[in-house]
1. Can you tell me which of ALA103, ALA21 is farther than 19 Å from ALA279 by Cα, open to solvent by less than 60 Å² (accessible area, probe 1.4 Å) and free of Cβ contacts under 8 Å to residues at least 24 places away in the same chain?
2. If I filter the stretch 39-64 down to residues being closer than 16 Å to LEU4 by Cα and out of contact with any strand residue (DSSP E or B) (no Cβ under 9 Å at 6 or more places or on another chain), which single residue comes out as surrounded by the fewest Cβ atoms within 10 Å (Cβ to Cβ)?
3. Does the stretch 291-305 contain any residue that is crowded, with 22+ Cβ neighbours inside 10 Å, modelled with pLDDT under 90 and of a type in the set (A, V, I, L, M, F, W, C)?
4. Restricting attention to the stretch 242-279, report how many residues are over 22 Å from TRP150 (Cβ atoms), aliphatic (A, V, I, L, M) and surrounded by fewer than 16 Cβ atoms within 10 Å (Cβ to Cβ).
5. Please pick out the residue among ASP143, ASP149, ASP169 that is open to solvent by less than 70 Å² (accessible area, probe 1.4 Å), in contact with an Asp or Glu (Cβ under 7 Å, 6 or more places away or on another chain) and under 30 Å from TRP275 (Cα atoms).
6. Output the number of residues of the stretch 192-222 satisfying the condition of being surrounded by fewer than 16 Cβ atoms within 10 Å (Cβ to Cβ), more than 24 Å from the chain's Cα centre (by Cα), not small (Gly, Ala, Ser) and not in a loop (DSSP other than H, G, I, E, B).
7. Assess whether GLY183 counts as being on the phi > 0 side of the Ramachandran plot, of a type in the set (Gly, Ala, Ser) and in a loop (DSSP other than H, G, I, E, B).
8. Can you tell me which residue among THR277, THR291 is farther than 16 Å from PHE99 by Cβ and either free of Cβ contacts under 8 Å to residues at least 24 places away in the same chain or in contact with a strand residue (DSSP E or B) (Cβ under 8 Å, 6 or more places away or on another chain) (or both)?
Amino acid sequence: MLDLQRLRALHAVSVHGTVGAAAAALGYTPSAVSQQIAKLERETRTVLLERRGRGVRLTEQALQLVSTAQQLMAIVERAETELEERRGVPAGRLDLAAFASAARGLLPAVLADLAVRHPALDTRLTEVDPHLSVDLVAKGAVDVAVAHDWDIARLPAPPGVERAVIGDDLCDLLVPAGHPLAGRVSVRREELAGERWICQPPGRVCHDWLVRTLRAAGCEPHIVHQADENPTLVALVAAGLGVALIPRLGRGALPDGVVEVPLDPMPVRRLYALWRTGAARRPAIAETVRTLRSHWASASRHDAP
């Protein structure tokens, strides 16, 4: 008989791409995940993973098992949802995923609040890139995801995934204190031609928004520095190396030498909570979404001008 936990381990590898990433998502060690899959291979008398460079590739037989695992996990989820719904109390394990600034600026207070009010609820947070969130929810790798979109790149919600708006995160132009725009009440996008930009790498939503928006305003962005984390971008601005467009959530207090200037119109990214339709009745889902929304006002207020 196939063991569900071993199937979960194989499913996690298929979703996250590597044994190490699957282990992190499940809360296991890579060795434990490898052992689970090795046992599954012995039980099925089938090779499931093949080495490919530093990573692994799932065989055709493994992909068939992953499909079966998804169906079994959906059945288990429905059963757990019905039991929790009858009890009427948020309980059990709840896996959350959030992009970096939400994980830093919103989730700590949310998780602490849930832990105090619902001690039977075991929440687990994983930081992920926002463009991965929808797929992770759809595949059952996480229960709730916090993701965002911009006006140029709307967040998709495929069949079987529901979403609710958490709130709107405002974004400001950050410039060095001695910059000519530092004393302005606001700046229009058309005035940004010739600026030296500091931003995230290509492929990130913030990078794509910057490039497409400035090109629409008749400006070709001159990008001189790129970094993943917003604190790094702010530090580069503080050193006088360029300007940056950074959302307020999770940004923290600005260091000396950095000035916040509102753009006109002000860029906004919208945050969403996403979950699977099959788990929508689960009290833990409803309470987590409600708590995310209730904490948004304080999380988004601290950097308002």
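1. ALA21
2. Filtering first and then ranking leaves ARG42.
3. Checked the stretch 291-305: at least one residue is crowded, with 22+ Cβ neighbours inside 10 Å, modelled with pLDDT under 90 and of a type in the set (A, V, I, L, M, F, W, C).
4. 1
5. Of the residues listed, the single one that is open to solvent by less than 70 Å² (accessible area, probe 1.4 Å), in contact with an Asp or Glu (Cβ under 7 Å, 6 or more places away or on another chain) and under 30 Å from TRP275 (Cα atoms) is ASP143.
6. Qualifying residue count, the stretch 192-222: 3.
7. Against the criterion (on the phi > 0 side of the Ramachandran plot, of a type in the set (Gly, Ala, Ser) and in a loop (DSSP other than H, G, I, E, B)), GLY183 does not qualify.
8. Every option except THR277 fails the conditions.
The values are calculated or read from the model by the stated rules, or taken from the named source; none is laboratory data. Note that this is a predicted model, so its numbers are computed, not measured. Cβ: placed from backbone, ideal geometry, glycine included. Neighbour counts: every protein chain shown. Quick note on the areas: whole protein, heavy atoms, side chains included, nothing else; ligands and nucleic acids left out. Shrake-Rupley method; radii C 1.70, N 1.55, O 1.52, S 1.80 Å.
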